Amino acid sequence: MCRLFGLYANRPVDVYFSFFESPMGSMVEFSHENPSGWGIAWLDEGGWHVYKEPLPLYSSAKAREVIQRRARGRIVVSHVRLASVGDRRRGNTHPWLYRSWVFAHNGTIHDRRALLGLLDERHRSLDGDTDSEAFFHLVVQEAEEYGDPVEGIRRAVEKIIAEGIGFSSLNFIASDGERLYALRYATTSLDYYTLYYRERPGEGFELRKLSKETRQLIAMKLAYRERAVLVASEPMSDEPYWNPIPNKHLIVVNSGLDIELIPMKTPSN
């Protein structure tokens with residue numbers, strides 16, 4: 001299994017708190033149960049940047065420096081991995097970057113060979129040998145084919161189902177550099193394959209309800225008029241108003257931080 005975290009903010013932000021200091025559900029905490037690698041992608045004025053290592057986040061000698069000093073952007077996609085398909089190496093570590101897209105996945109797609117059969121020749125040259133990266137390229141392929149990322153995601157899911165390719169979960173967080181996408185689509189262990197989102201600050205937000213650590217962080221962000229939408233496998237702080245994404249739904253966050261919740265209607269629904 002793996003854990004996912006992403007955000008879209010109104011200005012470049014760092015995610016050090018979410019990685020290392022959150023009083024509940026930090027990425028470093030999750031890495032003890034997901035020790036097969038970690039990675040982060042962030043978008044700044046220079047474009048996408050990716051840093052990843054095929055070793056546990058908690059034992060990385062470079063992670064704190066990267067997260068604190070380098071990884072700062074309006075869009076962030078990150079992941080801690082528990083390997084199910086593909087060994088521990090950088091090419092198998094999430095997230096991946098392809099053209100304008102980054103992508104990280106949580107779950108297992110059981111027939112990678114059949115999944116590769118859905119890809120055009122130009123999408124079969126992959127960095128590693130995971131099912132997740134092949135799924136990523138199927139999403140990008142379909143998005144390019146139909147000229148619409150949401151329709152491309154829907155078509156990718158439909159093709160997997162139509163081919164009878166089994167999977168535990170297709171959950172992912174991705175971005176094309178314009179919007180943030182988070183899909184929750186699981187067939188088993190629905191209490192594990194979850195995704196949540198929250199707006200910061202949200203309607204009715206009250207600092208007094210937070211722990212001292214979180215209250216100090218949020219007060220500082222509010223002083224700088226920082227706004228963001230966060231998405232994670234489960235709530236990563238004691239902030240209220242984390243909203244579960246229903247199974248078989250996609251959320252889309254645009255540059256204005258507007259959120260759209262879209263049912264993923266497929267032939268199996």
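Worth a mention:
- A count restricted to region 108-142 and to residues that are closer than 20 Å to H79 by Cα and touching a residue at least 40 places away in the same chain (Cβ under 8 Å) stands at 10.
- Qualifying residue in region 232-246 (condition: crowded, with 21+ Cβ neighbours inside 10 Å, of a type in the set (G, A, S), within 20 Å of F17 (Cα to Cα) and modelled with pLDDT of 95 or more): yes
- Inside region 151-163, residues that are in contact (Cβ under 8 Å) with a residue 24 or more places away in the chain and either closer than 23 Å to I40 by Cβ or surrounded by fewer than 16 Cβ atoms within 10 Å (Cβ to Cβ) (or both) make up a count of 3.
- Yes/no for D148 being within 27 Å of E199 (Cβ to Cβ) and surrounded by fewer than 19 Cβ atoms within 10 Å (Cβ to Cβ): yes
- Enumerated strands (runs of 3 or more DSSP E) restricted to region 35-120, each holding at least 1 residues that are among the aromatic types (F, W, Y) and at pLDDT 95 or above: 37-44, 47-53, 96-98, 101-106
- Filtered residues of region 62-94 (kept if touching a residue at least 60 places away in the same chain (Cβ under 8 Å) and either crowded, with 23+ Cβ neighbours inside 10 Å or under 21 Å from D14 (Cβ atoms) (or both)): R72, G73, R74, I75, V76, V77, S78, H79, V80, R81, H94
- Considering region 130-214, the qualifying strands (runs of 3 or more DSSP E), each wholly inside and each with 2 or more residues that are within 24 Å of H49 (Cα to Cα) and modelled with pLDDT of 95 or more, run over 171-175, 180-184.
- Residue match in region 15-32 (condition: in a strand (DSSP E or B) and of a type outside the set (D, E)): no
- Only one of the numbered conditions (1) over 20 Å from P235 (Cα atoms); (2) surrounded by fewer than 22 Cβ atoms within 10 Å (Cβ to Cβ) is violated by W42, and that is (2).
- Among (1) over 18 Å from D176 (Cβ atoms); (2) over 16 Å from the mean Cα position of the chain (by Cα), the one test that H123 misses: (1)
The values are calculated or read from the model by the stated rules, or taken from the named source; none is laboratory data. Quantities reported herein were computed from a predicted structural model and do not represent experimental measurements. All Cβ positions, glycine included, derive from the backbone under ideal geometry; neighbour counts span all protein chains shown.
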